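The values are calculated or read from the model by the stated rules, or taken from the named source; none is laboratory data. Since this is a predicted model, take the numbers as computed values, not measurements. Neighbour counts run over all protein chains shown; Cβ positions are idealised from the backbone, glycine included.
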Amino acid sequence: MKDLKDISASVIGRLPRYYRFLCELSQAGTVRISSGELSQRMGLTASQIRQDFNCFGGFGQQGYGYNVEQLKKEMASILGLDDLTPAILMGAGNLGRAVASQMRFEEMGFSLVGIFDIDPTYRGMKLGGVPILQNDALPAFCLEKRPKMAILCVPLDQAAALVDELILLGLDSFWNFSHFDIHAKYPQANVTNVHLSDSLMTLSYSIKNSNGGSRNA
């Protein structure tokens, strides 16, 4: 098995997709599957799948393929889904409410332990059973609950000061919807940036540049 630090971002980026497909196979009652069958379902080559799995030691048996349930458990362990990381959500506006109500955090390795907002009108409200607290409660809350990850659903102009505070409170990981460049100031932080507008513009590019798309001369 490779040193985990040497595994490429592209391989790591495919792991959640493998896990999703394995969950679907498990729910359908599939007991085992070959790399060839998995490649047809996922649109990858069998060689690519075997190379990806070999980064973590390889899980198949020649002539048998992969045990779906066992491989699903291995993927869950690699992704850290079997050890829940406590997380907080910053911002209870439209985006924050959607994230809190729609995401199944515990299925993805996290436990949502707190929600915060500066707007006092949210005081006493709950999202998914989690009370919405004011930002001034952050220090005491973090001292007690020890969250490790923050979901940033705040406007860009609020993000910089908020990230400074969260870093000082011991959080080092961020699921960032704010468009604030956390890595520019905190390169050591674990950050996944979510740019919905970027993905939509990428789709626009694909449409305009596909064979069926129209382009102005």
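Quick notes
- Only a single criterion out of (1) surrounded by fewer than 13 Cβ atoms within 10 Å (Cβ to Cβ); (2) part of a loop (DSSP other than H, G, I, E, B) is not satisfied by residue 47, namely (2).
- Some residue of the range 59-81 being within 16 Å of the chain's Cα centre (by Cα) and in a loop (DSSP other than H, G, I, E, B): yes
- Tallying residues that are surrounded by 16 or more Cβ atoms within 10 Å (Cβ to Cβ) and in a loop (DSSP other than H, G, I, E, B) within the range 85-96 yields 2.
- The numbered conditions (1) of a type outside the set (A, V, I, L, M); (2) part of a helix (DSSP H, G or I); (3) over 19 Å from residue 13 (Cα atoms) are all true for residue 198 except (3).
Yes or no, residue by residue, for (1) modelled with pLDDT under 95; (2) out of contact with any strand residue (DSSP E or B) (no Cβ under 8 Å at 6 or more places or on another chain); (3) under 28 Å from residue 77 (Cα atoms):
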site: 106; (1), (2), (3): yes, yes, yes
site: 110; (1), (2), (3): no, no, yes
site: 128; (1), (2), (3): yes, no, yes
site: 132; (1), (2), (3): no, no, no
site: 150; (1), (2), (3): no, no, yes
site: 154; (1), (2), (3): no, no, no
site: 158; (1), (2), (3): no, yes, no
site: 176; (1), (2), (3): no, no, yes
site: 181; (1), (2), (3): no, yes, no
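- When residue 205 is tested against (1) assigned to a helix (DSSP H, G or I); (2) touching a Ser or Thr at 6+ places or on another chain (Cβ under 8 Å), exactly one condition is not met: (2).
- Answer residue from the range 117-126, given it is in a loop (DSSP other than H, G, I, E, B) and farther than 24 Å from residue 161 by Cα and is modelled with the lowest pLDDT among those: 124
- Given (1) among the polar types (S, T, N, Q); (2) at pLDDT below 95; (3) crowded, with 18+ Cβ neighbours inside 10 Å, number of the condition residue 210 does not satisfy: (3)
- Any hit, the range 137-148, residues being among the charged types (D, E, K, R) and not in a helix (DSSP H, G or I): yes
- All of 71, 38 fail the test of being among the aliphatic types (A, V, I, L, M), touching a residue at least 40 places away in the same chain (Cβ under 8 Å) and farther than 30 Å from residue 170 by Cβ, apart from 71.
- Filter pass, residue 188 being outside any loop (DSSP other than H, G, I, E, B), out of contact with any helix residue (DSSP H, G or I) (no Cβ under 9 Å at 6 or more places or on another chain), at pLDDT 95 or above and within 27 Å of residue 111 (Cβ to Cβ): no
- Scan of the range 15-36 for residues that are buried (at least 16 other Cβ atoms within 10 Å of the Cβ) and in a helix (DSSP H, G or I), ordered by number: 15, 18, 19, 21, 22, 25, 35
- Residues that are surrounded by 12 or more Cβ atoms within 10 Å (Cβ to Cβ) and closer than 20 Å to residue 140 by Cα, drawn from the range 160-200: 162, 163, 164, 165, 166, 167, 169, 171, 172, 173, 174
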